[in-house]
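The values are calculated or read from the model by the stated rules, or taken from the named source; none is laboratory data. Remember, it's a predicted structure, so these values are computed and weren't measured experimentally. Cβ: placed from backbone, ideal geometry, glycine included. Neighbour counts: every protein chain shown.
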């Protein structure tokens, strides 16, 4: 009797495992279909732009005036690249310093407070960052640097550098803490100081994870919309300085998508801009996977 009951429970478990496996496979299949559908739809609408606009004009011209059938996006592409690089230049050293402090310097009680506090930054809506930048940083830049508006790459870069800090800190800290303890102990045993051990042993060993955090931060920065849109100025022109109002691909899409007729060259060009963003994100994902393989090999 006991054997029959145990056998029945085992069979029920096998059946439930089988159905759960089918559920996971179905979910993965549906997600693949949804993602592929989005790529196909955005790609189809975006590539229709080339019926009226040449690729050279679209990618290499900075003249954006839809009423005159001018659809050059070079200023938006360069603006996205500039603001992302500026955010990484400011945020990466700060994030790496925070990760080193939390992983190897801060006491346990302080780390247990700082890690959840750092993770909470991710939950803050981007519009809040943008509002803070609009009410605090933009007036400060206008007054301190004596510029006409205060909008531009510098304001957007500062806001984005703060927004990417949690990503860099969390992943870099995990990478540093994942370095085998014997490496650190061997360095200290040979007479190296704590800072020499961190700079010459821990950081090189954790470099793949640190690079992964920076690339993930860049992926978030280049696709950020609302915060950038509120402080960058939204002007279709090439940025000649850090304080020149300009625009990025996501911010320009947000500004113009509500007034653009679907199916026109104007609307299709916005879809093509979204496709460019999607391609950049996919390239960054491939780079991360490449780095991850190198980390495993290490």
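Structure summary
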read-out: Test result for residue 66, in the same structural domain as residue 238 (by TED's automatic domain parsing) and surrounded by fewer than 16 Cβ atoms within 10 Å (Cβ to Cβ); value: no
read-out: Subset of region 203-237 (residues that are over 13 Å from residue 149 (Cα atoms) and in contact with a strand residue (DSSP E or B) (Cβ under 7 Å, 6 or more places away or on another chain)); value: 236, 237
read-out: Only one of 96, 183 that is buried (at least 18 other Cβ atoms within 10 Å of the Cβ) and touching a helix residue (DSSP H, G or I) at 6+ places or on another chain (Cβ under 6 Å); value: 96
read-out: Out of 253, 214, sole residue that is within 20 Å of residue 172 (Cα to Cα) and either part of a helix (DSSP H, G or I) or under 14 Å from the mean Cα position of the chain (by Cα) (or both); value: 214
read-out: Candidate set from region 275-286 (those that are in contact (Cβ under 8 Å) with a residue 40 or more places away in the chain and over 13 Å from the mean Cα position of the chain (by Cα)); member that is nearest to residue 73 (Cα to Cα); value: 276
read-out: Criterion: modelled with pLDDT of 90 or more and either assigned by TED's automatic domain parsing to the domain that holds residue 227 or under 14 Å from the mean Cα position of the chain (by Cα) (or both) - qualifying residue of 142, 111, 115; value: 142
read-out: Residue match in region 264-280 (condition: surrounded by fewer than 16 Cβ atoms within 10 Å (Cβ to Cβ) and either assigned to a helix (DSSP H, G or I) or assigned by TED's automatic domain parsing to the domain that holds residue 177 (or both)); value: yes
